[in-house]
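The structure appears below as structure tokens.
The values are calculated or read from the model by the stated rules, or taken from the named source; none is laboratory data. For clarity, every value in this text was computed on a predicted model and none was experimentally measured. Heads up, the Cβs are rebuilt from the backbone with ideal geometry, glycines too, and the neighbour counts pull from every protein chain shown.
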Amino acid sequence: MYGPHAKDAESASPCIYGLPLDPTSPDRTITVRDDRLEFPALLDAAAACRREGARLRLVDQGRLSVSELEWLGEAGASVYSSDTGRVDGAELVLVGKAARRGGAVTAYFLEGAFADPAAPGGLAYETLRELGRSGLDLHVSDKVHPRDAGRLGELAYDCGRGSAVFVLYHHGPIESGHVELAAQGIWIHVSSRDASIPDGVQALADCARAARRAGTGLVFHIENPIDPPALADLSAAGAILLFKTPPSDYRSPLRPFEAAAGAVRLDSRAFYLFTDAVL
């Protein structure tokens with residue numbers, strides 16, 4: 001990964017409980033899959049992180065039971081689940097309640113379709129709404145399955161009721177419906193490869209302004225060269241710029257934008273685990 005947010009992953013990182021701090025995270029964070037350690041060791045690791053003022057993020061692949069996830073949440077571990085690891089998302093409601101008691105968060109990422117309740121597999125849309133209302137952060141991608149704006153708006157409303165965060169990974173140009181969603185408090189990630197620059201700058205800027213007024217943001221992943229005037233418009237509108245291109249020459253007009261982007265600390269709940277991809 002290139003750009004101001006990139007860090008040297010080869011450099012030695014401090015460890016807690018033998019687990020290295022994530023070099024790409026802006027804070028003291030350890031990310032571990034549920035198959036890395038047995039449950040008692042994960043519980044000890046969560047306790048060690050709490051003592052050291054760090055965060056333990058557990059990637060839930062369905063290996064642990066719900067009661068074990070509850071124990072980890074109470075111990076302060078944030079649980080990051082998905083429809084690839086745990087299809088029966090409704091059981092995470094209990095995990096979310098335990099995590100809140102432990103001062104942690106529970107997040108669910110959905111790439112699959114909003115499934116019909118009677119269909120095998122997938123996550124029913126009403127179940128997803130229940131997760132949002134119960135306080136779980138929801139991260140939804142439209143990379144594989146287009147999403148209905150009305151349903152996304154309902155999910156945003158449910159997350160607001162549950163004091164949860166709703167994040168949309170959008171693939172394609174920004175349209176008026178996305179501006180309306182941003183005004184409802186949704187975080188939106190979009191890649192420069194999909195944004196139809198320069199024609200789409202105005203829509204992106206409108207979306208960024210709407211999100212900023214709602215207390216969230218438009219996260220613009222810069223994966224190909226963008227002209228400085230377009231970046232100036234987006235920056236003025238409040239878009240959060242994440243550069244994934246190689247650092248420019250020190251004489252380049254892009255350098256001020258890269259420097260400003262490097263100083264931004266993105267809210268840890270505004271992305272699913274890592275900032276470096278539009279999922």
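General observations
- In the stretch 221-266, residue modelled with the lowest pLDDT [restricted to those that are among the acidic types (Asp, Glu) and more than 17 Å from Gln202 (Cβ to Cβ)]: Asp249
- Among the candidates Gly53, Gly132, Gly150, the residue that is among the small types (Gly, Ala, Ser) and in contact with a Cys (Cβ under 7 Å, 6 or more places away or on another chain) is uniquely Gly132.
- When Gly62, Gly96, Gly89, Gly132 are screened for being more than 29 Å from Glu180 (Cβ to Cβ) and either of a type outside the set (A, V, I, L, M, F, W, C) or assigned by TED's automatic domain parsing to the domain that holds Asp34 (or both), only Gly62 passes.
- Selection count where residues are under 20 Å from Ser81 (Cβ atoms) and outside any loop (DSSP other than H, G, I, E, B), scope the stretch 130-151: 9
- Of all residues in the stretch 42-58, those satisfying the criterion of being among the small types (Gly, Ala, Ser) and over 14 Å from Cys15 (Cβ atoms) are Ala46, Ala47, Gly53.
- In the set Thr24, Thr106, Thr31, only one residue is on the phi < 0 side of the Ramachandran plot, surrounded by 21 or more Cβ atoms within 10 Å (Cβ to Cβ), among the hydroxyl-bearing types (Ser, Thr, Tyr) and out of contact with any His (no Cβ under 6 Å at 6 or more places or on another chain); that residue is Thr106.
- Taking the stretch 28-103 and the strands (runs of 3 or more DSSP E) fully enclosed by it, the elements with 1 or more residues that are under 30 Å from Ala124 (Cα atoms) and among the small types (Gly, Ala, Ser) are at 77-82.
- So Ala107, is it in a loop (DSSP other than H, G, I, E, B) and at pLDDT 95 or above: no
For every residue, the table says whether it meets (1) over 28 Å from Val66 (Cβ atoms); (2) out of contact with any helix residue (DSSP H, G or I) (no Cβ under 7 Å at 6 or more places or on another chain); (3) at pLDDT 75 or above.
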site: Asp8; (1), (2), (3): yes, yes, no
site: Pro23; (1), (2), (3): yes, yes, yes
site: Asp35; (1), (2), (3): no, yes, yes
site: Glu38; (1), (2), (3): no, yes, yes
site: Cys49; (1), (2), (3): no, yes, yes
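- Selection of the stretch 261-279 for residues being closer than 10 Å to Ser25 by Cα and small (Gly, Ala, Ser) yields only Ser268.
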